[in-house]
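Take a look at the structure set out below.
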Amino acid sequence: MSRRRTWTTTGVGAGVGVAALAAWDLLQKRHTILRRYPVIGHARYLLEDIRPEIQQYFIERDWDGRPFDRNTRSVVYERAKGIHGEKAYGTERDVNEVGYEYLVHSMTPLDPPDEPHRVTVGGPDCSRPYSMALLNVSAMSFGSLSANAIRALNKGAAMGGFAHDTGEGGLSEYHLEHGGDIVWELGTGYFGARTKDGDFDPDTFRDKAAHESVKCVSLKLSQGAKPGIGGVLPAAKVTAEIAEVRQVPQGEKCVSPPSHRVFSTPTGLIEFVARMRELSGGKPAGIKLCVGSRLDVLALCKAMLEVGTAPDFVIVDGSEGGTGAAPLEFEDHVGMPLTHGLMTVHNALVGAGLRDRVRIGASGKVAQGNDVVKRLVQGADYTNSARAMMMAAGCIQAQRCHTDTCPSGVATQDPWRARALDVGDKSVRVRRYQEATVDEAVRLMAAMGVSAPDELTPAHLRRNVSSTETRSYAELFEWLSPGQLLDEPPRSWAEDWALASADSFVPHAGALRL
C-alpha cells in the first residue's frame, strides 16, 4: 500500500511539474517553438545542443570532417601516444578528384638522415641566431589556453627541442617554468610590455626579452581566423592571474585593438621590428601575418630595401587557421589561404632580392608530415602547428574554446576543468607527436629523393586540375627569380610592384588588382 502511495505521489508531482513547465512555456515570449509546442518543444533545443557531438561521433565520415577530419585527428592522437598511426587497406580519399594533391616520389629514394634538418633563423643584423625545428608550437596565449595546457606544451617543447610561441597574451610564468624555447609574440595590445595607457613599454620589453628561454621575438600584425580585427578574451576568462600577466583590469573583457599604435607605414613597421631586435639583445625579430593582398607584401619589401634591414623571419598564417573564436564571416570569408599567402610572401622576397635574409614560417592546419613537406615546397623554411598540438595535449575538437567549458581542460580558465589535464603525461605526448611528425616529414622527403628541405622544388607537388590532367606547382604558378622585381618585373607583377609604396599601406590611386 505504501509503495502504491509513493508511486501515486510521484506521479502527481511529475504531473504538476509538467503542467507548471507547460504554463511557463505558454506565457514566456522568448521562444516561439515553446509557445507553440509547450514541453515537447524542449526536445528540439536538447537535440540542437548535442548536435555537434552526434555529427562528430556518428555521422561524419573518417575523411570529411571539419576543421580536422577523423583520420587526421586519429593520427595526431596515436602519434602522441607512441602508436605508429598507420592504417590498413588503402586510402579512403578520392585520388582522382579535381584539386587532389600529391607529393612526387623518386625512383631512387634515399635513407632518411640520422638527425632531422633544422633551420637557422637570424639575418645579417641578428647577433644571436636561433636553430628552429621543422615543426613548432604555434601562437596560443595563456588565457585562451589553461595554465596546465601551457605547461604541457612548453615542457614538451623543452624535451623535444622545438619552439613554443606564446601568442599575444603575454609572457607568463607557465611559459618559463620548464625551460622550453620561447618565441615571445606581441600583438596590438602589447600585453606584458605595455604602459597603463596601452602603449608599448620598451623597458619592460627589454627586461623580459632578456630571459634565457626567450629565443625570438615576434610582432603579430594579424591572424588567420580573424585578420583585420583584434582578439577578444571574454571577461569570465580574465582572472587575477591573467590580468597580472597581460597588465589589464581583472574581470573585464580584454580586447586587442585592430591595429598597432607604434607604426602606421611599412617603413615604420620595419623600423619597429629592428627596434625589437635591438631591445632583445640581438635575438631574431620577426612578424606574423595573414596575407590580405600582394600589394601589402610588396610594400613591406620596399620598406625593407629603403630602411636597409629586414625581419629575421615572417610567419605566414593562413585564413584556415585559428584556435580560438572568431566571427563566422571572418573565419569563412576574410584573408588569404595559406597556400597562396605563403607563395606570395616567398615570391615577393625572392623577387626583391631579400629571401636569403628572411626565413619563412608557415602556420595553418599543419598536422601531418605531408603538411610539413607541402609547405616547404610552397616556400616555407619551417612550420608551426596550433590545433594539432592542442590535440596532442588532449583536445577533442569540441569547439568550445571561447565558452570556458572545454571538456579536456585545454582551452579554459576553470580550475576544475583545467586540473583534468595532467602536465607530466600530456607533455610527453606533445613531444612524441612533434618528433613522430617531423620523422615522417623527413621520411617523405627521403622517399622523394631529397636529403634536405632546400632541395625541394615546386615540381615535387602536383595537383589534379581536371578528371584527366595533373600539373605540378612549377607549371601551375609563377615563380620569380632572385632580384627579378628590381631588374625587370614580369608583366603579372609589374603593376603591383609599381603601385606598392614603402610610405603607405594604402595603394596609390588607380590600383585595380590586389
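The values are calculated or read from the model by the stated rules, or taken from the named source; none is laboratory data. From a predicted model like this one, the values you see are computed outputs, not experimental measurements. Neighbour counts are summed over all protein chains in view; Cβ atoms, including those assigned to glycine, are modelled from backbone coordinates with ideal geometry. What goes into the accessible areas is simple: the full protein's heavy atoms, side chains included, and nothing from ligands, DNA or RNA. Shrake-Rupley method; radii C 1.70, N 1.55, O 1.52, S 1.80 Å.
Looking across segment 5-46, the residues that are under 45 Å from the mean Cα position of the chain (by Cα), modelled with pLDDT of 80 or more and open to solvent by less than 60 Å² (accessible area, probe 1.4 Å) come down to Gln28, Leu34, Pro38, Val39, Gly41, Ala43. Can you tell me how many residues within segment 469-489 are in a loop (DSSP other than H, G, I, E, B) and either closer than 21 Å to Thr339 by Cβ or in contact (Cβ under 8 Å) with a residue 12 or more places away in the chain (or both)? Summing the residues that are in a loop (DSSP other than H, G, I, E, B) and either closer than 21 Å to Thr339 by Cβ or in contact (Cβ under 8 Å) with a residue 12 or more places away in the chain (or both) in segment 469-489 gives 9.
Candidates in segment 209-226 are the residues that are open to solvent by 10 Å² or more (accessible area, probe 1.4 Å) and out of contact with any strand residue (DSSP E or B) (no Cβ under 8 Å at 6 or more places or on another chain); of these, the one that is nearest to Asp332 (Cα to Cα) is Lys226. All conditions in (1) within 26 Å of Phe191 (Cα to Cα); (2) at pLDDT below 95; (3) out of contact with any Ser or Thr (no Cβ under 8 Å at 6 or more places or on another chain) hold for Gly122, with the sole exception of (2). Taking the condition at pLDDT below 95, in a loop (DSSP other than H, G, I, E, B) and more than 23 Å from the chain's Cα centre (by Cα), does Gln250 pass? Yes; evaluated as a whole, the condition is true for this residue. Consider segment 497-514 and keep the residues that are modelled with pLDDT of 95 or more and within 23 Å of Thr339 (Cβ to Cβ). The one that is surrounded by the most Cβ atoms within 10 Å (Cβ to Cβ) is Ala500. Scanning segment 409-428 for residues that are crowded, with 24+ Cβ neighbours inside 10 Å and at negative phi returns Val410, Ala411, Thr412, Lys426, Ser427. Just to be sure, is Lys302 within 24 Å of the chain's Cα centre (by Cα) and in contact (Cβ under 8 Å) with a residue 40 or more places away in the chain? Taking the combined requirement at face value, the residue does not satisfy it. Per the conditions (1) in a loop (DSSP other than H, G, I, E, B); (2) open to solvent by 50 Å² or more (accessible area, probe 1.4 Å); (3) touching a Gly at 6+ places or on another chain (Cβ under 7 Å), the sole criterion not satisfied by Glu78 is (1).
Of all residues in segment 345-354, which are open to solvent by 10 Å² or more (accessible area, probe 1.4 Å) and farther than 17 Å from Leu289 by Cβ?
Val350, Gly353
One residue alone among Gly292, Gly282 is over 13 Å from Glu168 (Cα atoms), more than 19 Å from the chain's Cα centre (by Cα) and in a loop (DSSP other than H, G, I, E, B), and that residue is Gly282. You will find that of Gly394, Gly379, the residue that is over 14 Å from the mean Cα position of the chain (by Cα) and modelled with pLDDT under 95 is Gly394 and no other. Does Gly351 satisfy the criteria of being more than 22 Å from Ala441 (Cα to Cα) and touching a Ser or Thr at 6+ places or on another chain (Cβ under 9 Å)? Answer is yes for this residue.
Restricting segment 397-408 to residues that are within 18 Å of Val76 (Cα to Cα) and in contact (Cβ under 8 Å) with a residue 24 or more places away in the chain, which is surrounded by the most Cβ atoms within 10 Å (Cβ to Cβ)? Residue satisfying both the conditions and the ranking: Gln397.
Please work out which residue is nearest to Met304 (Cα to Cα), limiting yourself to segment 474-491 and to residues that are in contact with an Asp or Glu (Cβ under 9 Å, 6 or more places away or on another chain) and open to solvent by less than 50 Å² (accessible area, probe 1.4 Å). Once the filter is applied, the top-ranked residue is Pro489.
For segment 81-114, taking the residues that are open to solvent by less than 60 Å² (accessible area, probe 1.4 Å) and modelled with pLDDT under 85, the one that is nearest to Ser466 (Cα to Cα) is identified as Gly90.
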